[in-house]
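**Q** First the structure, then my questions, so here it is.
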Amino acid sequence: MKPTILIVDDDELICELYSDYFKQNGYITKTAISVDRAVKSVKELAPDIILSDVVMPIKNGINLFRELQAFAPNIPFVFMTGYQHDPKVIQQLEEINASWISKPAALEELLEKVNSELNQNQATRT
């Protein structure tokens, strides 16, 4: 069965680009441009993994992670950030022991990171 990925980014073009790329590489994709839409999608879809931007308006990727801990704590996350030099952002990612990648990321690197997280999550479940 194909894995399902939820891509969360406030930039619709990024969502489309990543969605197309992951579809070409055997994934089922869903996109959300806000945390609230992402939460709704998780409730409807139960994705295998979430790829989320960290910095977004109103609520950010860390807020999404924390909201989902209440009802979907086992879904792995890969965070993307263009703020890798901001100590506050890195501290937040470290506090939740997050897997993350710098933005912009090469598509191949992003695919490798997502596949690695999925494989690691499956290994811990068995």
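**Q** Could you list all residues from segment 1-35 that are in a helix (DSSP H, G or I) and either surrounded by 14 or more Cβ atoms within 10 Å (Cβ to Cβ) or among the β-branched types (Val, Ile, Thr) (or both)?
**A** Once the filter is applied, which keeps residues that are in a helix (DSSP H, G or I) and either surrounded by 14 or more Cβ atoms within 10 Å (Cβ to Cβ) or among the β-branched types (Val, Ile, Thr) (or both), segment 1-35 yields 14, 15, 16, 17, 18, 19, 21, 22, 35.
**Q** Ok, one more. Which one of these does residue 85 not meet: (1) exposed (fewer than 14 other Cβ atoms within 10 Å of the Cβ); (2) under 14 Å from the mean Cα position of the chain (by Cα); (3) more than 23 Å from residue 17 (Cα to Cα)?
**A** (2)
**Q** Would you confirm, using the coordinates I've provided, whether residue 79 is farther than 19 Å from residue 1 by Cα, crowded, with 18+ Cβ neighbours inside 10 Å and either at pLDDT 90 or above or of a type in the set (A, V, I, L, M) (or both)?
**A** Spelling it out, residue 79 is indeed farther than 19 Å from residue 1 by Cα, crowded, with 18+ Cβ neighbours inside 10 Å and either at pLDDT 90 or above or of a type in the set (A, V, I, L, M) (or both).
**Q** Suppose we keep only residues that are assigned to a helix (DSSP H, G or I) and either polar (S, T, N, Q) or in contact with a strand residue (DSSP E or B) (Cβ under 9 Å, 6 or more places away or on another chain) (or both) within segment 74-99. Which one would you say is farthest from residue 56 (Cα to Cα)?
**A** 91
**Q** Identify, please: which residue in segment 47-66 is without any contact (Cβ under 8 Å) to a residue 40 or more places away in the chain and not in a helix (DSSP H, G or I) and is, among those, surrounded by the fewest Cβ atoms within 10 Å (Cβ to Cβ)?
**A** Selected residue: 58.
The values are calculated or read from the model by the stated rules, or taken from the named source; none is laboratory data. The model shown is predicted, which means the values in this text are computed figures rather than measured ones. FYI the Cβ positions are ideal-geometry reconstructions off the backbone, even for glycines, and counts take in every protein chain you see.
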